[in-house]
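Below is one structure; the comments refer to it alone.
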Amino acid sequence: MKIVVTAKRVPDTTEVKTDPVTGTLIRKGVPHIINPDDVHACEAALQIKEQFPGTEVNIMTMGQADAGIKQHELLGMGADHAYLLNDRFFGGADTLVCSRTLAAGIKKLGDVDLVLCGHQAIDGDTAQVGPEIARRLGIPSVSCICGLQISDDGKTATVTRMLDDGTETLEVPLPALFTVSKEINEPRYMTIYNLVDSFSDPAKEVTIWNHEDIGLDQSVLGLKASPTQVVKTFTPAPKGAGEMIEGTPEEAAAALTAKLVEKHLIK
């Protein structure tokens with residue numbers, strides 16, 4: 001099987017800063033990590049590789065040149081190859097243009113049996129890119145899966161997806177795209193052997209593609225081609241301190257009722 005795992009480099013920060021003019025994230029000077037859900041997607045791919053010897057796990061990232069360094073962490077887990085979509089024309093892309101770019105990279109690889117993405121990225125939380133890639137590739141997709149099993153013949157996948165009120169199990173023909181939740185597995189650690197190998201083995205060298213390599217015109221890329229318009233960005237005001245109501249259950253219920261009436265929330 002040939003598997004592609006999309007992996008995004010994201011800011012490792014609890015307070016994301018944005019450019020007030022463009023509405024895009026300010027990434028300069030901020031430490032970065034591989035998006036956590038994407039690491040779980042890589043682990044899911046590696047487990048399939050263990051089930052089907054000969055499976056090829058490819059990492060696909062769109063980002064700046066130094067994003068390739070973070071890809072070595074996934075190569076250190078056991079992935080086979082890494083591809084970095086890097087071009088100044090890619091900058092500032094929204095989810096629609098990101099999916100266009102990543103889908104073009106996946107098409108260039110060709111003959112892909114399975115695409116695995118993290119459910120969402122911690123710097124945007126839109127959960128849009130994965131399904132958009134599937135739409136562009138013309139393959140079925142299932143979002144937020146917490147279970148994955150490939151059939152013995154490699155033609156179908158049985159997935160369990162998370163719902164608000166439980167789970168749902170589906171059988172999906174391959175090729176397909178699944179977005180992975182953190183509940184699906186516990187990612188393995190990098191091994192020293194794999195990490196050293198990822199830097200020393202020419203076959204593990206990160207392959208860099210620009211917009212010409214993946215067959216996209218610059219006019220459909222980046223911020224200018226992105227239809228998403230950021231009207232306003234701001235940090236939400238902190239919530240006020242809570243209030244503990246003490247006393248017997250009857251006294252607490254009466255006090256709570258009185259406060260709700262006072263605030264005109266109930267009559």
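Taking the conditions (1) within 13 Å of the chain's Cα centre (by Cα); (2) of a type outside the set (Ser, Thr, Tyr); (3) modelled with pLDDT under 95 in turn, residue 59 satisfies each one other than (3). Of the numbered criteria (1) aliphatic (A, V, I, L, M); (2) more than 17 Å from residue 3 (Cα to Cα); (3) crowded, with 20+ Cβ neighbours inside 10 Å, the one residue 69 fails is (3).
Which one of these is open to solvent by less than 10 Å² (accessible area, probe 1.4 Å) and farther than 21 Å from residue 11 by Cα: 82, 103?
On the way: 82 fails: farther than 21 Å from residue 11 by Cα.
Only one candidate passes the filter, namely 103.
Within the range 182-197, take every residue that is among the acidic types (Asp, Glu) and open to solvent by less than 100 Å² (accessible area, probe 1.4 Å) and give me the one that is farthest from the chain's Cα centre (by Cα). Out of the qualifying residues, it is 197. All but one of (1) under 30 Å from residue 159 (Cα atoms); (2) open to solvent by 30 Å² or more (accessible area, probe 1.4 Å) hold for residue 200; which doesn't? Evaluating residue 200 over (1) under 30 Å from residue 159 (Cα atoms); (2) open to solvent by 30 Å² or more (accessible area, probe 1.4 Å) leaves (1) as the failure.
Scanning the range 85-100 for residues being in a loop (DSSP other than H, G, I, E, B) and either open to solvent by 50 Å² or more (accessible area, probe 1.4 Å) or aliphatic (A, V, I, L, M) (or both) gives a total of 1.
Residues that are charged (D, E, K, R) and in contact (Cβ under 8 Å) with a residue 24 or more places away in the chain were ranked within the range 162-196; the one that is farthest from residue 132 (Cα to Cα) is 188.
Looking only at the range 118-140, decide whether some residue is of a type outside the set (A, V, I, L, M, F, W, C), open to solvent by 30 Å² or more (accessible area, probe 1.4 Å) and under 15 Å from residue 3 (Cβ atoms). The answer is no, given that none of the residues of the range 118-140 is of a type outside the set (A, V, I, L, M, F, W, C), open to solvent by 30 Å² or more (accessible area, probe 1.4 Å) and under 15 Å from residue 3 (Cβ atoms).
The values are calculated or read from the model by the stated rules, or taken from the named source; none is laboratory data. Note that the coordinates shown come from a computational prediction; the quantities given were computed from them, not determined experimentally. Every residue, glycine among them, receives a Cβ derived from its backbone with ideal geometry; neighbour counts consider all protein chains shown. The protein model used for the area step is the full one, side chains on, heavy atoms only, and it has no ligands, DNA or RNA in it. Shrake-Rupley method; radii C 1.70, N 1.55, O 1.52, S 1.80 Å.
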